[in-house]
Amino acid sequence: MSRRTALTWWSWSAPAVFVIGRTVSGLVGLASLPASAVGEFVGMTALLLPAVVTGVLVVVRAPGSVVGGALAWVGAAPAAVFAVEDWGRTVAAARPWPGAGAAAALGDATWPWLFLGFVALVLVFPDGLLPGRRWRVIAALAPLSAALLTAGITLLGAQRLVLPAPLRLAVLVLVFGFFLVVLLAAAACLVVRFRQGNELTRLRVRWLMLAAAAVPVTLAASWLVLVFGGEPDAAFSGFLVALLVLVPAAVAIAILRHDLFDVDRLLGEGVAWFLTTVISAGIFAAVVATLGELFGRDTTVGITGAAFVTALCLLPLHRVLVGLVGRFVDCDRHVVLARVRQFVAAVRDGSAEPEAVEQLLREVLDDPGVQVLLQRPGAAAFVDMDGARATVDAAAPQVALRTGDAPVGVLVLRAGSARRLRRAREVAVEARLPIEVSRLRLELRGALDDVRASRARIAEAAEQERRRLERDLHDGAQQQILAIGMQLRSVQRRLGPSDAVHEELDRAVEALEATVGELRRLAHGVRPARLDNGLAPALRDLVRHSAVPVDLDVADVEVPDLVATTVYFVVAEALANVHKHGDARRVRLTLADSDGTVRACVRDDGVGGATDGFGLTSLRDRVASAGGELWVSSPAGAGTEVRVEVPCGS
């Protein structure tokens, strides 16, 4: 038989067994006539039907999976067991059904077969039997252990096979223990899958584990009810609901919508509310008893006070229990949110950079493709954490980031299940502070960059205006004045020395020469003529006639005119201060270009103690306009150091 044929038989034999089994039980119920039997038949069918229907749906949606057939057998196996029991009941009828005696003998011993569909589901969920010989052995031993236990109960329990009492008890314990060992071995399959599976497998297995945990609990509770004299039908109703309703529902959700709900969170909140209810009831009872002893049992003070105290304790108690239960039941979510809150506290304290929130979200969401894209105020475009323009993939899972009604940005995930999206929304809410601070800092950096660029453009325009003014003074007014002076000298030479006009022309020419000198001084102040040959030669020429010896370490650098003029004036002002106030014996001047930034330093060995005055303040403004920085260090008695750095990129 091929695998496909075997899978088809496995998948569709369960619905057939269910139909046959419920038909047999229905015929027995109709023959017995009491209305209670009909109601019991309808109720049991309603319990069995969800597992079979869900299994058939899974078979239709995933025909290559064995899970659908196993799920259908969860309902079909009890239908077959109940059919055998109902068949055996006809032994007392006027016309017993064929084989009713054998069915009656087996009736009380067929209950182990109730578990076989559940065992099969545990072994194959969610993607087939695990690889390895031991799991195939366990799958084969499951029906064998049920058959041995049924045979042991039938033959030895009713003493159809006569054996000494100790031996009979030993055999029954042995076959029952063998059956339990097989069940536990099958249950271990879920643990193995959870530990070795990926995220999707773990999500699905969690659903089955949540529902499967209710099966042994309700079964044990059913046995306790029987021990204390309860009715069998009522005692096993909870067990049947867990096996026939909760398990199919959990599997259906896990397969069809595996991440419809956050199981850990649901379980954690459920446990927290259960504990809250129990403890609140205990508080209520304790307060009632205490106040009853104080004020009398007939007074209403006890009930009123207990209600008041319980109301005060309810919400704080629930919050505490949610945190405590979350550490155990919903550990992943608790750890993730705690880590984000710790990071937010570090950002608030200034010990962490808010821009690190993107890397944090990648780690806590276990998604290295997570992107935090920000939206600047008044702009529709998105930028990344570095301020670079970014586009949002419309097909990618996204979480909108908002502050109040204002959009802040979007959290883009590389891979997103509904569970991960829910976790991302929770994390985004917790990380709202660093995200908003990152956006504001990005906006501030952009504004500062715009200011620097604008200031650099203004400074460059001013430098060009200085050069134009220098050319106008040199080539325009200065040359015109010199031409006038030459004309006056020509006129003066045509006059005699004794002529009164001769002396007036001489004074006029001297005044013109003084005016030319003043224009030259003004032109030099606008832009030193020394810079025509470059910054390094200009600095060497500047210190050539210095009264204080200057040690030069000046590299030949090529820089824009704005940078050259800025550095030149800083060095000139620093040397002027040395001459005026420094009382220095020696000065060291260095100039270098590193990584596109010009660095100059003037250091003397004078008295120090320099303070910011108008000269240094104007220098700082000049350097800042060029996008650079100026530092002055002048401790008293230890000399003065003036350093300037100006980038050459603008």
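Summed over the stretch 611-646, the residues that are in a loop (DSSP other than H, G, I, E, B) and open to solvent by less than 50 Å² (accessible area, probe 1.4 Å) give a count of 8.
Residues that are in contact with a Lys or Arg (Cβ under 9 Å, 6 or more places away or on another chain), open to solvent by less than 40 Å² (accessible area, probe 1.4 Å) and not hydrophobic (A, V, I, L, M, F, W, C) were ranked within the stretch 467-507; the one that is modelled with the highest pLDDT is 470.
Only residues that are of a type in the set (Gly, Ala, Ser), free of Cβ contacts under 8 Å to residues at least 24 places away in the same chain and in a helix (DSSP H, G or I): list them for the stretch 171-227, please.
177, 188, 220, 221, 222
Among the residues of the stretch 350-366, the ones that are open to solvent by 70 Å² or more (accessible area, probe 1.4 Å) and under 18 Å from residue 437 (Cα atoms) come to 3 in all.
Filtered by the rule that a residue be at pLDDT 75 or above, over 23 Å from residue 334 (Cα atoms) and either of a type in the set (Ser, Thr, Tyr) or not in a helix (DSSP H, G or I) (or both), the stretch 272-319 gives 280, 290, 304, 310. Within the stretch 385-401, the set of residues being without any contact (Cβ under 8 Å) to a residue 24 or more places away in the chain and either among the hydrophobic types (A, V, I, L, M, F, W, C) or loosely packed, with under 13 Cβ neighbours inside 10 Å (or both) comprises 386, 388, 389, 390, 391, 392, 393, 394, 395, 396, 400. Surrounded by 13 or more Cβ atoms within 10 Å (Cβ to Cβ), touching a Phe, Trp or Tyr at 6+ places or on another chain (Cβ under 8 Å), modelled with pLDDT of 80 or more and within 23 Å of residue 77 (Cα to Cα): is that true of residue 155 in this structure? Criteria not met by residue 155.
Consider the stretch 526-556 and keep the residues that are in a helix (DSSP H, G or I) and of a type in the set (Asp, Glu). The one that is most open to solvent (accessible area, probe 1.4 Å) is 532.
What do you reckon, is residue 94 part of a helix (DSSP H, G or I) and either open to solvent by 20 Å² or more (accessible area, probe 1.4 Å) or closer than 25 Å to residue 58 by Cα (or both)? When the stated conditions are applied, residue 94 does not pass them. Do you know which of the residues in the stretch 159-208 that are closer than 14 Å to residue 124 by Cα and among the β-branched types (Val, Ile, Thr) is most open to solvent (accessible area, probe 1.4 Å)? Out of the qualifying residues, it is 191. Residue check: residue 112 meets all listed conditions (1) closer than 23 Å to residue 203 by Cα; (2) open to solvent by less than 50 Å² (accessible area, probe 1.4 Å); (3) not hydrophobic (A, V, I, L, M, F, W, C) but one, namely (1).
When we screen 7, 48 for residues that are at pLDDT below 80, under 43 Å from the mean Cα position of the chain (by Cα), of a type in the set (A, V, I, L, M, F, W, C) and assigned to a helix (DSSP H, G or I), the only hit is 7. Being touching a strand residue (DSSP E or B) at 6+ places or on another chain (Cβ under 8 Å), in a helix (DSSP H, G or I) and not hydroxyl-bearing (Ser, Thr, Tyr) is the filter here; which residues of the stretch 557-572 pass it? Answer for the stretch 557-572, where residues must be touching a strand residue (DSSP E or B) at 6+ places or on another chain (Cβ under 8 Å), in a helix (DSSP H, G or I) and not hydroxyl-bearing (Ser, Thr, Tyr): 563, 567, 570, 571. Applying a threshold of 7 Å to beta carbon distances and a minimum spacing of six or more residues, or different chains, the list of pairs starting in the stretch 623-650 at a residue that is closer than 13 Å to residue 578 by Cα and ending at one that is open to solvent by 60 Å² or more (accessible area, probe 1.4 Å) and assigned to a loop (DSSP other than H, G, I, E, B) reads 639/605. Residues in the stretch 402-418 that are among the aliphatic types (A, V, I, L, M), at pLDDT 80 or above and either open to solvent by 30 Å² or more (accessible area, probe 1.4 Å) or more than 30 Å from residue 449 (Cα to Cα) (or both): 413 alone.
Scanning the stretch 592-610 for residues that are assigned to a loop (DSSP other than H, G, I, E, B) and open to solvent by 30 Å² or more (accessible area, probe 1.4 Å) turns up 595, 596, 605, 607, 609, 610.
Considering the stretch 576-609, and only residues there that are among the aliphatic types (A, V, I, L, M) and in contact with a helix residue (DSSP H, G or I) (Cβ under 7 Å, 6 or more places away or on another chain), the residue that is nearest to residue 537 (Cα to Cα) turns out to be 591.
Confirm whether residue 421 is hydrophobic (A, V, I, L, M, F, W, C), modelled with pLDDT of 70 or more and over 22 Å from residue 376 (Cβ atoms).
Here the answer is yes, as residue 421 does meet what is asked.
Restricting attention to the stretch 421-445, the residues being crowded, with 20+ Cβ neighbours inside 10 Å and either assigned to a strand (DSSP E or B) or within 14 Å of the chain's Cα centre (by Cα) (or both) number 7. Looking only at the stretch 577-591, decide whether some residue is over 14 Å from residue 546 (Cβ atoms), open to solvent by less than 50 Å² (accessible area, probe 1.4 Å), not in a helix (DSSP H, G or I) and not small (Gly, Ala, Ser). Yes, the stretch 577-591 has at least one match.
The values are calculated or read from the model by the stated rules, or taken from the named source; none is laboratory data. What you are looking at is a predicted structure, and each value in this text was computed from that prediction instead of being measured. Cβ: placed from backbone, ideal geometry, glycine included. Neighbour counts: every protein chain shown. All accessible areas refer to the heavy atoms of the entire protein, side chains included, with ligands and DNA or RNA removed. Shrake-Rupley method; radii C 1.70, N 1.55, O 1.52, S 1.80 Å.
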